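A short worksheet on the structure shown next.
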């Protein structure tokens, strides 16, 4: 089975897939942290409409993909978080985009291979040039995430304090969404528009249930993402089934047990920490520390006025 | 009590703040000196958070002069520590207590940052100051409101500020946690000689701690020692309608003031 690795086109595939998996894992971490995972559905679907439209116009579908995903990302950025039913609106818009894409596809009279590959992913057999472009784009995007790492995490945690400390919160949010759009467009070429979520959000969502430290969460997400991609390409190269299927299955197959079992070890860790806290109980209020965060005690004051 | 050893930490002269046509604050005059503990009181919407935003450089006044440590307010001033109104922090966020505190140190700097012994030592010291060492490695989603508030205060103190702005730090805390936080803030104020402006809606936990009280209502403000400001006559004048300050059960009640 391993002798397929000697083929350069397979090596190209592994290289491109690895680069995308790494940047997707980092992007996915921030998406989970900022509550933007729905963008992992919306952006690729809207991007697909752009790709199909581009094919209809005789342009490279990847160009249509990038234009539409970046445009959609900017629009999401301009929609404030507090807008009611934001997720519903975006869901409706994205399925509409999918419908438009299907229309474009049906109108196209030539070979629709390239558009199908946008939907379903076709990384095996990727050209040398495309590998180079993908690798460089991935590295640049990864570099941007690293450069923005601290202020992005800070403003994801607490917008107000970050703003007060001089972080350009709104600008960062917009740049972040554009980086997500680029990552989505890169991921589409590995797993296809329909399954981007599994590569983008899957590893990060799994990793967050395993550790609660940003650095380690990202490292584990990267390991998972790259592992899924390598195994996916490997199995696909040795069988007739698509890469994206394997990646999606691995992503789900690992996430499910982690998700079901994580309350066990998270609870165990919490009890360990609570026990440690009891031992070093402060003199101020020993009783208070035993509370879990779930119950927020209400104030018991009686007030003469309702301030 | 306050010591006037240096120039004031905050100066406001005839400051007016407007949102569109609405005047939020009018003719605000006050000075805060080094190491003073000021409690800012008033009903909701009186402009207490607006005042903090002015000092943080997040808002500009329509007119008047504001000086923070002798200079006009600007964003990203490390000499100011800020902890906004505490909300229940996202449990999904997967950060530890020490990560949250660490933001106060370098969360606003570019790049991923390198972990290091020196950085950890500074954060450990901050955690010790707020008695958070016991849960330093716990995910924040598992901490109580009082514990999270302590972390936010530690975060605000990391740049060794000369001014600490706390917006409703006692909100949603039960009485024992309230007392913890009040004691912590007072300790921080006196040992570090840092000026504190604490916004709250109930003076009672802070009666013995505040050096002066600033009361805001209807766009007007008055500042002075607690027993001069929290009086029926002062507040009636401020509100422009009858307000009675009643002492009962060892507490102070402000009766007649609107929300």
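Quick notes on this structure:
- Enumeration of residues in the stretch A:139-172 that are more than 25 Å from residue B:79 (Cα to Cα) and touching a helix residue (DSSP H, G or I) at 6+ places or on another chain (Cβ under 6 Å): A:141, A:142, A:144, A:145
- Which listed residue is over 16 Å from residue A:184 (Cα atoms), out of contact with any strand residue (DSSP E or B) (no Cβ under 6 Å at 6 or more places or on another chain) and modelled with pLDDT of 80 or more, from A:129, A:139, A:98, A:119: A:129
- Scanning the stretch A:43-62 for residues that are at pLDDT 90 or above and within 28 Å of residue A:152 (Cβ to Cβ) yields A:43, A:44, A:45, A:46, A:47, A:48, A:50.
- Pairs are defined by a Cβ separation below 7 Å, a sequence spacing of at least 6 or placement on different chains, a first member in the stretch A:155-166 that is within 7 Å of chain B (Cβ to nearest Cβ), and a second member that is surrounded by 23 or more Cβ atoms within 10 Å (Cβ to Cβ) and part of a helix (DSSP H, G or I); the pairs so defined are A:157/B:100; A:157/B:103; A:162/A:151; A:162/A:154; A:162/A:155.
The values are calculated or read from the model by the stated rules, or taken from the named source; none is laboratory data. All of these numbers come straight from a predicted model, not from anything done at the bench. Positions of Cβ are generated from backbone atoms using ideal geometry, with glycine treated the same way; all protein chains shown enter the neighbour counts.
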